[in-house]
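The values are calculated or read from the model by the stated rules, or taken from the named source; none is laboratory data. Everything numeric here is computed off the predicted structure, so don't read it as measured data. No Cβ is skipped: glycine too gets one built from the backbone with ideal geometry, and neighbour counts run over all protein chains shown.
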Amino acid sequence: MKAEILQLLREQEGYVSGQDICRRLSVSRTAVWKCIRQLKEEGYRIEAVQNRGYLLVQSPDRVTAEEVSSLLKTEWAGHPVIFLEKTDSTNNEAKRLAEAGAGHGTLVIAEEQEAGKGRRGRGWSSPAGTGIWMTLLLKPDFSPSRASMLTLVAAMAVERGIRAATGLETGIKWPNDVVTGGKKVCGILTEMSAEPDLINHVVIGIGINANTEEFPEEIGSRAASLYLETGKRVKRGAVVARVLEAFEAYYRIFLETTDLSALRAEYETRLLNKNETVCVLEPGREWKGTALGIDSLGRLLVKPADPSAGGVKTVESGEVSVRGVYGYV
Ligand code: ATP
């Protein structure tokens, strides 16, 4: 009910009367009063004026279920929101919940991850309170071979969500890193549980450095945050809401063809590698070429620099990393 009250207070310009809240949520005045008291304890500044009602003056920068839910305008993404102060990894928690029957659209979000994950066993720095560490659980009914494209869909959603919430223009480093000023502001890790021709579930882990002021030395030269880039603190809940709304919109388009044919052009407008020289790091082999864009399956199209290597190659994400010639992008 706290989420609904917050939503009512947010929708209204000016005061909302206690009576109005009771009527619209079909609850007692005491119940409303108790919720308002709890919200105040959680850091919301709510003014209560006799005969006028309640006014939300300020919200804390939290990513609790009620904060995120009250900001969210989606049909299924983020319903429900499961909030944890601390977890090992939101992907792991989402997988555990999926096994226990959690549904499509469940969002797991934590203030802190103790064992945040990158690709191929790498770590993801996820200190408490500054970042957005979340995982969206999907239970799609398309073929497992299609799932790897969701990671590109998620990158598009993060880019659009960040732009909507902060105005910051970011780009995408293929396949799914969201980058600003040559540094990574968001990493995405998609994991799947599947049978040969059936997906049990897909978890899309999204880590966004939001209000981070400084990074551990080992990643400092490659990591950016929304705060460091814009000079302004963001309300993380608003970023989460805008990213989920964008994901829902892009996912709908993806489902029409279960590939990226209708999203490809837009993805490429954000693709930082496009028409740039890239270094393709395959296990045991490295080669250079010019990235031309992606195909409708999300593979990177690269024209090898070495003329004897033949024509344009399609590079699959799986085991491959792509770097710029002079740095990360
Ligand atoms: P690629 O996907 O191209 O192989 P990557 O090295 O960026 O590259 P990921 O698995 O996406 O790999 O991310 C993990 C890496 O990101 C870590 O090895 C570390 O270098 C870096 N990293 C860890 N935490 C953060 C963070 N909070 N912000 C930015 N970068 C981070």
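Could you tell me which of the residues A241, A246, A223 is within 28 Å of A77 (Cβ to Cβ) and in contact with a Leu (Cβ under 8 Å, 6 or more places away or on another chain)? Step through it out loud before you land on a result.
Details: A246 fails: in contact with a Leu (Cβ under 8 Å, 6 or more places away or on another chain); A223 fails: in contact with a Leu (Cβ under 8 Å, 6 or more places away or on another chain).
Going through A241, A246, A223 in turn, just one is within 28 Å of A77 (Cβ to Cβ) and in contact with a Leu (Cβ under 8 Å, 6 or more places away or on another chain): A241.
Just for region 291-323: of the residues that are away from the ligand (no atom under 16 Å from the Cβ), of a type in the set (A, V, I, L, M, F, W, C) and under 26 Å from R146 (Cβ atoms), which one is surrounded by the fewest Cβ atoms within 10 Å (Cβ to Cβ)?
Step by step, filter region 291-323, then rank; the result is V312.
If only one of E256, E229, E191 is more than 16 Å from the ligand (Cβ to nearest atom) and modelled with pLDDT of 95 or more, which one is it?
E256
Quick test for you: out of A224, A241, A210, pick the one residue that is touching a residue at least 40 places away in the same chain (Cβ under 8 Å), in contact with a helix residue (DSSP H, G or I) (Cβ under 8 Å, 6 or more places away or on another chain) and within 16 Å of K184 (Cβ to Cβ).
Answer to the selection: A210.
Each row is one residue, and each column tells you yes or no for (1) closer than 27 Å to W133 by Cα; (2) at pLDDT 95 or above.
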site: R10; (1), (2): yes, no
site: Q19; (1), (2): no, no
site: L25; (1), (2): no, no
site: W33; (1), (2): no, no
site: R45; (1), (2): yes, yes
site: V49; (1), (2): no, no
site: G53; (1), (2): no, no
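Look through E85, E75, E67 and report the one residue that is modelled with pLDDT of 95 or more and part of a strand (DSSP E or B).
Within the list E85, E75, E67, the selection yields E85.
Which ones in region 121-176 are of a type in the set (S, T, N, Q) and within 16 Å of the ligand (Cβ to nearest atom)? It would help to see each step written out before you state the result.
Initially, region 121-176 is screened for residues of a type in the set (S, T, N, Q), giving 125-126, 130, 135, 143, 145, 148, 151, 166, 170, 176.
Once the filter is applied, which keeps residues that are of a type in the set (S, T, N, Q) and within 16 Å of the ligand (Cβ to nearest atom), region 121-176 yields S125, S126, T130, T135, S148, T151, T170, N176.
To keep it simple, each residue is scored yes or no on (1) surrounded by fewer than 17 Cβ atoms within 10 Å (Cβ to Cβ); (2) β-branched (V, I, T); (3) at positive phi; (4) under 14 Å from the mean Cα position of the chain (by Cα).
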position	(1), (2), (3), (4)
L150	no, no, no, yes
I162	no, yes, no, yes
A165	no, no, no, yes
I172	no, yes, no, yes
S193	yes, no, no, no
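Being touching a residue at least 12 places away in the same chain (Cβ under 8 Å), small (G, A, S) and assigned to a loop (DSSP other than H, G, I, E, B), is that true of even one residue in region 276-297? Break it down stepwise before answering.
Of region 276-297, the ones touching a residue at least 12 places away in the same chain (Cβ under 8 Å) are 276-283, 287-297.
From what is left, the residues that are small (G, A, S) are 289, 291, 293, 296.
Applying the additional criterion that residues be assigned to a loop (DSSP other than H, G, I, E, B) yields 296.
Yes, region 276-297 contains a residue that is touching a residue at least 12 places away in the same chain (Cβ under 8 Å), small (G, A, S) and assigned to a loop (DSSP other than H, G, I, E, B).
Can you name the residue in region 35-64 that is in a strand (DSSP E or B) and in contact (Cβ under 8 Å) with a residue 40 or more places away in the chain and, of all such residues, is surrounded by the most Cβ atoms within 10 Å (Cβ to Cβ)?
Y54
Residue by residue through region 171-190, note down the ones that are assigned to a loop (DSSP other than H, G, I, E, B) and over 21 Å from G293 (Cβ atoms).
Scanning region 171-190 gives a single hit, G181.
Since E114 meets every condition but one in (1) over 24 Å from R323 (Cβ atoms); (2) surrounded by fewer than 19 Cβ atoms within 10 Å (Cβ to Cβ); (3) away from the ligand (no atom under 16 Å from the Cβ), which condition does it not meet?
(3)
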